[in-house]
Amino acid sequence: MQTEQSKKLFYQAQQRLPGGVNSPVRAFKSVNMTPLFITKGQGSKIFDKDGNEYIDYVGSWGPMILGHANPKIIGKLKETLEYGTSFGAPTEGEILLAEMICDAVKSVEMIRLVNSGTEAAMAVIRLARGYTKRDKIIKFEGCYHGSVDPLLVKAGSGAMTLGIPDSPGVPLSFVEHTLQAKFNDLNSVISLTEENPEDIAAIILEPVAGNMGMIAPEHGFLKGLRDLCDREGILLIFDEVMSGFRVDFGGAQSIFGIVPDLSIFGKVIGGGLPVGAYGGRQDIMIQIAPSGPIYQAGTLSGNPLAVSAGLTTLEILKDQNPYPELGRKTAWLCEELKTAAESAGIQIQTQSIGGMFGYFFSENKVSNFQEALKSDTGKFTKFFQNMLKEGVYLPPSAFESLFLSTAHSEEDLEITASAFRKALKD
Ligand SMILES: *Cc1c(COP(=O)(O)O)cnc(C)c1O
């Protein structure tokens, strides 16, 4: 595999972009490589500067559920483009996208569009605090909610109390209201609520965790959180930036039958353009300015191009309901991966729901962050590199989920499965 051109661009990029990229995981650091510079995407494939072709399981980290350069989305974007790109005034498309999301996700009665998942997380925390008049937030170790100061906390091991920021530049005082619980461990949440009575504004989580590798909620976990929130007057916030319109048209909340008070979205709802959103119960949402006192604003929020790509994506998804088929295909890939690993004498754990799946090189089932950290990242790195040589582009980190699109053909899957066998044997 020739990657000279990408290497050249990476050198050039590093002169002006810190680390050569505009978002850290893209740099391929954790797989001891330099990144590939992508020139083109088409359906299930991406192409790099050296002309190599890859079957893509990153899908821009989630948005590209219909594959790259989907002709319907491109067509709609061109049409929208002719009328201008931004007005900073209301447009009809924003209503249609809002209605589409509210119809699909029953807990969402009203919604506000923003420009990224990070922005949605930041705003929803402010809203939850403003509405409840409480300061503290419970988040879960290993759950990612964008690069928002008070949520950039993983903290150490054991029973967590006060958060320790993950990044320099986040003052300790900014995270003093952030409490850490363990994913899939209801007792860790109950202890925090007992230690902080009437102080907790919200519990925020990824209902299907996708940013510490993929970890599904165990039976009763989400229901337990819902009941606890009801008892304690705490708002339950589902971060469905990744899982929304990815695991099911109604999000993870529809699969698990849990109704959160607020939800945030991003990725798929922008169809590959920058969009985020937060929404939920009407009595809470009307507290946002200008209908209420809780301030939040954005120059490009509800941008016509982004809305048009998002709306077209959701229309196609609603029409086609690809989720059962995506689910069968991701389950099949997981089976193939397991079988290939077994033949090679390697221990692997896999999970899949709808259009997302994940794996850990681990002997035991992985159900939280600590267990994810115990997986064998050395094996992962070698596996990643071997897969890339076989023309399969996986997320370049052991702690990310994989995404399948409707453009992945049976042939793509067969090629991927045979790459699994070869990569694991090697
Ligand atoms: C990607 C992601 C975010 C952040 O969204 P950006 O658009 O990257 O800011 C937040 N939460 C979850 C669960 C995500 O997967």
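The values are calculated or read from the model by the stated rules, or taken from the named source; none is laboratory data. Predicted model only: the values in this text are computed from it and were never measured. As a convention, Cβ positions derive from the backbone with ideal geometry for all residues, glycine included, and neighbour counts pool all protein chains shown.
When residues of the stretch 300-310 are filtered for being farther than 24 Å from Arg129 by Cβ and surrounded by fewer than 24 Cβ atoms within 10 Å (Cβ to Cβ), how many remain?
3
Where the second residue is more than 9 Å from the ligand (Cβ to nearest atom) and of a type in the set (S, T, N, Q) and the first is more than 18 Å from Ser291 (Cα to Cα) and lies in the stretch 110-128, which pairs have Cβ atoms under 7 Å and are six or more apart or on separate chains?
Sorted first by the residue in the stretch 110-128, then by its partner, the pairs are Asn115/Ser301.
If I ask for residues that are within 30 Å of Gly251 (Cβ to Cβ) and surrounded by fewer than 19 Cβ atoms within 10 Å (Cβ to Cβ), which ones from the stretch 39-60 would you list?
Gln42, Ser60, listed by residue number.
Pick from the stretch 196-218 the residues that are of a type in the set (A, V, I, L, M, F, W, C) and away from the ligand (no atom under 15 Å from the Cβ): which of them is surrounded by the most Cβ atoms within 10 Å (Cβ to Cβ)?
Here the residue is Ile200.
Every residue in the stretch 224-274 that is aromatic (Phe, Trp, Tyr) and within 10 Å of the ligand (Cβ to nearest atom), please.
Answer for the stretch 224-274, where residues must be aromatic (Phe, Trp, Tyr) and within 10 Å of the ligand (Cβ to nearest atom): Phe238, Phe265.
Of the residues Ile111, Ile55, only one is closer than 30 Å to Ala419 by Cβ and either within 16 Å of the ligand (Cβ to nearest atom) or not in a loop (DSSP other than H, G, I, E, B) (or both); which?
Testing whether each residue is closer than 30 Å to Ala419 by Cβ and either within 16 Å of the ligand (Cβ to nearest atom) or not in a loop (DSSP other than H, G, I, E, B) (or both) leaves just Ile55.
Test Ala123 against the criterion of being assigned to a helix (DSSP H, G or I), under 19 Å from the mean Cα position of the chain (by Cα) and assigned by TED's automatic domain parsing to the domain that holds Phe256, and give yes or no.
So Ala123 passes the test.
Here's the yes/no breakdown for (1) free of Cβ contacts under 8 Å to residues at least 40 places away in the same chain; (2) aromatic (Phe, Trp, Tyr):
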site	(1), (2)
Thr3	no, no
Pro18	yes, no
Ala27	yes, no
Val31	no, no
Trp61	no, yes
Met64	no, no
Gly67	no, no
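Got a number for residues in the stretch 308-332 being over 20 Å from the mean Cα position of the chain (by Cα) and within 17 Å of Tyr359 (Cβ to Cβ)?
Adding up the residues that qualify gives 1.
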